[in-house]
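Heads up, the thing below is written out as structure tokens.
The values are calculated or read from the model by the stated rules, or taken from the named source; none is laboratory data. From a predicted model like this one, the values you see are computed outputs, not experimental measurements. No Cβ is skipped: glycine too gets one built from the backbone with ideal geometry, and neighbour counts run over all protein chains shown.
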Amino acid sequence: MVSQPHGGRLVRRVAHGRRRERLLEEAQGMPQLELDDTRAADVANIAHGAYSPLEGFLTEEDYESVLLHMRLSNDLPWPIPIVLDTPSEAARDWGVGDEIALTHRGRMLAVMSVEDIYAWDRAEYAERVYRTTDPGHPGVAKLGEMGGLLVGGRLELLEEPPEPFQALRLWPIETRVLFRERGWRTIVAFQTRNVPHLGHEYVQKAALTFTDGLLIHPLVGWKKPGDFRDEVIIRAYEELIRHYYPPNSVVLSVLRMQMRYAGPREAVFHAIVRKNYGATHFIVGRDHAGVGSYYGPYEAWDIFREFPDLGITPLFIRESFYCTKCGGMVNEKICPHGDEHRIRISGTKLRSLLANKQMPPETMMRREVAQVVMEFDNPFTE
Amino acid sequence: MSIPVTLYKRIQELIKDTGFTSVSQFVVYVLRDVVAEMEREKLQAEGLSEEERERILEKLRRLGYI
């Protein structure tokens, strides 16, 4: 059956009707904190249960526990601190017990109870979460943009932040209803920040062979320069699904969230979020959520051993490639042939071909997908 | 928490040449697994009102998911 939400209850902290009107009015008189797009997305994800069991940003006790043990203070698996930063000056007049209004692009977003205000150590955060303090790591670099204090406490959403992909945004309660409506009991989720090549299609279909349905869940939001733009990824997947997937076998929906490039810890975090969306299985590929050579190719697999109580089954699928002797897409585990028969998919080569508007070989990318990607003047973030 | 000496020795033998470095570590691992399973069995999915369910279905139809 569809997975239980992490922690047993789907968090839903969205104000409606008269309560919302009252809170909107009260928020006018509260101290305000303006959030960027990334934090606004976190607020919406918390409120709609994507980050269940979190009901707000972490307090210090949970923050320390997550940092040190990859678990909340109640022992529930949780590997990435979800925190709200603020410049020290902004929090000078706040105290525990106060309520503050969170704004986004000048509009009221949410109200938050201040349960904790605490200092944090960027270097410790980087070392624990990213396993590096190298400012060349995109996640570490982002820490430098954050304020000196963290504020923890529960929140309640008043307005949805704008979403360019409105037609593809489903919240956890909605995917759960959808999966039940389709009669799906087992659902495999696929996290991506790339346009699909044959390797991605292969692992998705391998997993779909043994489950009722596939949730393709591209992460949209902040990514490092050089990654594919969100709209390119979405268009590419729409084209792939239209031509190459059986009808009603796939749900394509977006997850707005910051890409952290935290490798192993982020792989577990990605799995927990998809568990909240109802997935029972989660594909963990080679160097999941990795960047450069900060993590070993299969470090993101090893970490799952520390969470026998995760509640979603990771599917570890090795690097796939085209084998001319096997006559199709295979992976290392099932192909006995040597390198001379293997056509590996190089992400770098693929990007270069697409950037130069050259059609990649059909052993790497579907023609229809490549055509869609090449319609964009510049498919990469800057 | 105490366990019988015979069980302790049995576990000690079992975890030789594994990734577990102590009996305690093994016991914590096993207990977490068992506790999570028991918690799962106790839990029930949060119910939706018919009105809310219909509203969600309407959105899913409008977006073409159903």
Item to check | Residue among A:ARG154, A:ARG185 that is in contact with a strand residue (DSSP E or B) (Cβ under 8 Å, 6 or more places away or on another chain), among the basic types (Lys, Arg) and farther than 30 Å from A:GLN371 by Cα | outcome: A:ARG154
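Conditions tested, residue by residue: (1) farther than 15 Å from A:VAL43 by Cα; (2) loosely packed, with under 13 Cβ neighbours inside 10 Å; (3) in contact (Cβ under 8 Å) with a residue 40 or more places away in the chain.
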residue: A:PRO81; (1), (2), (3): no, no, yes
residue: A:ALA119; (1), (2), (3): yes, yes, no
residue: A:THR133; (1), (2), (3): yes, no, no
residue: A:LEU143; (1), (2), (3): yes, no, no
Checklist entry - Does A:VAL151 satisfy the condition of being farther than 14 Å from A:GLY49 by Cα, assigned to a helix (DSSP H, G or I) and not basic (Lys, Arg)? => result no
Next on the checklist: Anything in segment A:209-222 that is buried (at least 19 other Cβ atoms within 10 Å of the Cβ) and either assigned to a helix (DSSP H, G or I) or among the small types (Gly, Ala, Ser) (or both)? List them, or say none.
Outcome noted: A:GLY213
Next on the checklist: Condition first: surrounded by 15 or more Cβ atoms within 10 Å (Cβ to Cβ) and either touching a Gly at 6+ places or on another chain (Cβ under 7 Å) or within 18 Å of A:GLY285 (Cα to Cα) (or both). Can you find one or more residues in segment A:369-376 that meet it?
Outcome noted: no
Checklist entry - Among the residues of segment A:50-64 satisfying the criterion of being touching a residue at least 12 places away in the same chain (Cβ under 8 Å) and farther than 27 Å from A:HIS217 by Cβ, which is surrounded by the most Cβ atoms within 10 Å (Cβ to Cβ)? => result A:THR59
Checklist entry - Which is among the aliphatic types (A, V, I, L, M) and farther than 27 Å from A:PHE304 by Cβ, of A:ILE117, A:ILE82? => result A:ILE117
Item to check | 3 or more residues buried (at least 23 other Cβ atoms within 10 Å of the Cβ): qualifying helices (runs of 4 or more DSSP H) within segment A:223-333 | outcome: A:230-244, A:263-276
Checklist entry - Among the residues of segment A:157-168 satisfying the criterion of being of a type outside the set (A, V, I, L, M, F, W, C) and out of contact with any strand residue (DSSP E or B) (no Cβ under 7 Å at 6 or more places or on another chain), which is farthest from the other protein chains (Cβ to nearest Cβ)? => result A:PRO162
Checklist entry - Is there a residue being facing another protein chain (nearest Cβ under 8 Å), in contact with an Asp or Glu (Cβ under 9 Å, 6 or more places away or on another chain), at pLDDT 90 or above and at negative phi anywhere in segment B:40-55? => result no
